[in-house]
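Student: Attaching a single structure in structure tokens format; questions to follow.
The values are calculated or read from the model by the stated rules, or taken from the named source; none is laboratory data. Every value quoted in this text rests on a predicted model; they were computed, and no experiment measured them. Glycine gets a Cβ as well: all are built from the backbone with ideal geometry, and neighbour counts include every protein chain shown. These accessible areas exclude ligands, DNA and RNA; they are computed on the full protein's heavy atoms, side chains included. Shrake-Rupley method; radii C 1.70, N 1.55, O 1.52, S 1.80 Å.
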Amino acid sequence: MYKGVNASDGYGIGVAQVAVAPDLSFTPTAPEDPEAEKARYAEALKKFVDQTNAQIERMIQTVGEESAAIMGAHIEFAEDEGIKDMVNGAIDSGMCAEQAVSDAYDTYYTMFSNMEDELFRERAADVADVKTGLLADLLGKEVVDLSQLPENSIVVVEELTPSMTADIDKTNVAGIVTETGGRTSHSAIIARALEIPAVLSVEGATTNIKTGDMVIADGTNGKVLVEPSDDELEQYRKLAKEYADEKAALEAYRGKETVTGDGEKVLLVANIGNPDDANTAADHDCEGIGLFRSEFLFMDATELPSEDEQFAAYQKVALRLKDQPIIIRTLDVGGDKEIPYLNLQKEENPFMGFRAIRYCLNNPEQYKVQLTALLRASAFGDIKIMLPLVTSLDEVRQAKALIEECKAELDERGVEYNKNIEVGTMIETPAASLIAEDLAAECDFFSIGTNDLIGYTMCADRGNDRVSYLYQVYQPAVLRSLKRIINEGRKAGIMVGMCGEAAADPLLIPVLLSFGLNEFSVSAPSILRTRRIISEWTKEEADALAEKVVTLKTAAEVKAVLQAAVK
Ligand code: PEP
Ligand code: MG
């Protein structure tokens, strides 16, 4: 059994198709006619761009526009003037096209792979992909073709490049196993969009697994089994069936209201990262958006998105989810979310540094561009503004003052917006939890960000395995904080939601219901399951469980009691 990163849920059982990248080695030559060599390069470039455009067209049909846009990066890197000059310059100085392409793309690859931010590091895969495409063409080699696979294939590759993912035929691929890539890599994102089980970063996968091997890709738990025993096969067939049955059974909850067992209505909304995700959220039957992480608009760009660009993105969501509430969080830069072109100073401790609302309030003119775009979009739907990483009342007051300035400017411009737009805050720091009553008095809603709240409360990094026993929502310190936040918000009569991952935790849902949470904001694929679990608990049952849980002194005891209570 091999371990890897659980990148896309589900259990794929099938026959391995190991796709090894073509041999792109070459012996450098010194061409006599640089102009002819440059023409060879230009021809390879054109062919690559044409092929990529055709892939984009196919992807728009299979995974949607936003995911297809990932391939746009290939075109950018192929047609980048800086890279083209570098290649042509090297050919002029006597290099062959293969060497010039290889060197230029290696330079960019090194630059991207040394960047601190994971999302930027992952652009290195795009650069490598373009290099492979161009070299293969110059050398007359075929790149791995995943569009013609037999049924029930488990694709095993060193690296699943975005262009390979674009070729995958969902009906024939039962699972994906790779040697590289993390949960946030483009490949993982597309695998999830295609709903194909995927296990990434499995060391030695392409050498240890042979084409024709029977393979199980357990994308839920990040495991790969090669030539499984009869018992294992049976166990996994059962799991796969249960998974498929559960998915099918959850369809009964589609189009239904989200109500507790005794009929109390709660709001079940989705977390999204880009405007196209609103389609996926709607497909999964969301009742609105509880968190639009607007930073992705900024991270996917090379310079600050303009007011019009931002407005278009927010408006798109508003138009797609007409009449549903849409909470858009203002820029949450810093910590794990770096935006290189903002040129922020390096800090000893970026998670506690100059980030999120701190950065925005310090750059009011820039912040006002986003606030204005949000206000303009509010004329097209029920958009609400949410402030990230709040730790003091001053921050909320200052942000609200800026919103008022933006409103006055829009009035002067004669532009429409919702004059009563709601402004709320994320509660994701212990400070915000402790002053929840003060914040509630000046906010229209709360949304609890457990991902950060757990980390800051427990002083345990959300990405550090060695402290993961502390990083748990079941820790009494975290539970008490949640109870207090919900209590204070509800006392003040405002909506209290949760957009951290804990909102979809099947064990915790009854406790959150008992505490009085009004809104659950979860990833799109978790919506129907969350609706089902909510429907399984009456207030009385949830209260009995929560009363017991809050008396417990350790996370282990809490978890055990919650597990025993699962319906
Ligand atoms: C959170 O902290 O719980 C949250 C939802 O925000 P993010 O995961 O984007 O930090
Ligand atoms: Mg957060």
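Here is a yes/no grid of residues against (1) open to solvent by less than 60 Å² (accessible area, probe 1.4 Å); (2) farther than 30 Å from residue 276 by Cβ:
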residue	(1), (2)
528	yes, no
531	yes, no
535	yes, no
545	yes, yes
550	yes, yes
560	yes, yes
567	no, yes
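Student: Say we look at region 358-367 and pick out the residues that are more than 16 Å from ligand 2 (Cβ to nearest atom) and closer than 22 Å to residue 439 by Cβ; which of these is surrounded by the most Cβ atoms within 10 Å (Cβ to Cβ)?
Tutor: So the first thing to find is which residues in region 358-367 are more than 16 Å from ligand 2 (Cβ to nearest atom), and the list is 361-367.
Those left that are additionally closer than 22 Å to residue 439 by Cβ: 361-362, 364, 367.
Working: 361: 16, 362: 10, 364: 14, 367: 21.
Restricting to residues being more than 16 Å from ligand 2 (Cβ to nearest atom) and closer than 22 Å to residue 439 by Cβ, the top hit is 367.
Student: Now, a different point. Can you confirm whether residue 126 is within 27 Å of residue 295 (Cβ to Cβ) and in contact with a helix residue (DSSP H, G or I) (Cβ under 7 Å, 6 or more places away or on another chain)? Write out each step before concluding.
Tutor: Numbers: within 27 Å of residue 295 (Cβ to Cβ): yes; in contact with a helix residue (DSSP H, G or I) (Cβ under 7 Å, 6 or more places away or on another chain): yes.
So residue 126 passes the test.
Student: Right, here's the next one. Name every residue in region 3-51 that is of a type in the set (Val, Ile, Thr) and loosely packed, with under 14 Cβ neighbours inside 10 Å, in order of residue number.
Tutor: Taking region 3-51 and keeping what is of a type in the set (Val, Ile, Thr), we get 5, 13, 15, 18, 20, 27, 29, 49.
If the condition is that a residue be of a type in the set (Val, Ile, Thr) and loosely packed, with under 14 Cβ neighbours inside 10 Å, then 20, 27, 29 are the ones that fit.
Student: Further question: Conditions first: (1) surrounded by fewer than 15 Cβ atoms within 10 Å (Cβ to Cβ); (2) part of a helix (DSSP H, G or I). Residue 243 passes all but one, so which condition is the exception?
Tutor: (1)
Student: Let me ask something else about it. Would region 348-357 turn up any residue that is open to solvent by less than 10 Å² (accessible area, probe 1.4 Å) and charged (D, E, K, R)?
Tutor: yes
Student: For region 134-156, state whether one or more residues are assigned to a helix (DSSP H, G or I) and modelled with pLDDT under 80.
Tutor: Pass one, region 134-156, residues assigned to a helix (DSSP H, G or I): 134-139.
Filter once more, so that each one left must be modelled with pLDDT under 80: none.
Among the residues of region 134-156, not one is assigned to a helix (DSSP H, G or I) and modelled with pLDDT under 80, which makes the answer no.
Student: Moving on. Inside region 263-277, can you point out the residues that are surrounded by 23 or more Cβ atoms within 10 Å (Cβ to Cβ) and assigned to a strand (DSSP E or B)? Even if it seems obvious, please write down each step before you answer.
Tutor: Let us first name the residues in region 263-277 that are surrounded by 23 or more Cβ atoms within 10 Å (Cβ to Cβ), namely 268-272, 277.
Within region 263-277, 268, 269, 270, 271, 272 meet the criteria.
Student: Going through 466, 462 one at a time, which residue ends up being farther than 22 Å from residue 327 by Cβ, among the basic types (Lys, Arg) and either within 16 Å of ligand 2 (Cβ to nearest atom) or in the same structural domain as residue 289 (by TED's automatic domain parsing) (or both)?
Tutor: Details: 462 fails: farther than 22 Å from residue 327 by Cβ.
Of the residues listed, the single one that is farther than 22 Å from residue 327 by Cβ, among the basic types (Lys, Arg) and either within 16 Å of ligand 2 (Cβ to nearest atom) or in the same structural domain as residue 289 (by TED's automatic domain parsing) (or both) is 466.
Student: Here are some residues: 175, 182. Which one is in contact with an Asp or Glu (Cβ under 8 Å, 6 or more places away or on another chain) and not in a helix (DSSP H, G or I)?
Tutor: Result: 182 is the single residue among 175, 182 that is in contact with an Asp or Glu (Cβ under 8 Å, 6 or more places away or on another chain) and not in a helix (DSSP H, G or I).
Student: It is to be established whether one or more residues within region 208-226 are in a loop (DSSP other than H, G, I, E, B), of a type in the set (D, E, K, R) and surrounded by 15 or more Cβ atoms within 10 Å (Cβ to Cβ).
Tutor: yes
Student: A follow-up question, please. For region 500-516, what are the residues that are open to solvent by 20 Å² or more (accessible area, probe 1.4 Å) and farther than 20 Å from residue 563 by Cβ?
Tutor: Of everything in region 500-516, nothing turns out to be open to solvent by 20 Å² or more (accessible area, probe 1.4 Å) and farther than 20 Å from residue 563 by Cβ.
Student: Hey, another quick one. Which condition number does residue 89 fail, the rest of (1) under 21 Å from residue 149 (Cβ atoms); (2) outside any loop (DSSP other than H, G, I, E, B) being met?
Tutor: Condition not satisfied by residue 89: (1).
Student: Something else about it: Name the residues in region 426-459 that are in contact with an Asp or Glu (Cβ under 8 Å, 6 or more places away or on another chain), within 16 Å of ligand 2 (Cβ to nearest atom) and small (Gly, Ala, Ser), would you?
Tutor: Residues satisfying the conditions are 447, 449, 455.
Student: What residue, of 408, 401, 379, 373, is among the hydrophobic types (A, V, I, L, M, F, W, C), assigned by TED's automatic domain parsing to the domain that holds residue 483, within 30 Å of residue 481 (Cα to Cα) and modelled with pLDDT of 95 or more? Write out each step before concluding.
Tutor: Working: 408 fails: within 30 Å of residue 481 (Cα to Cα); 379 fails: within 30 Å of residue 481 (Cα to Cα); 373 fails: within 30 Å of residue 481 (Cα to Cα).
Going through 408, 401, 379, 373 in turn, just one is among the hydrophobic types (A, V, I, L, M, F, W, C), assigned by TED's automatic domain parsing to the domain that holds residue 483, within 30 Å of residue 481 (Cα to Cα) and modelled with pLDDT of 95 or more: 401.
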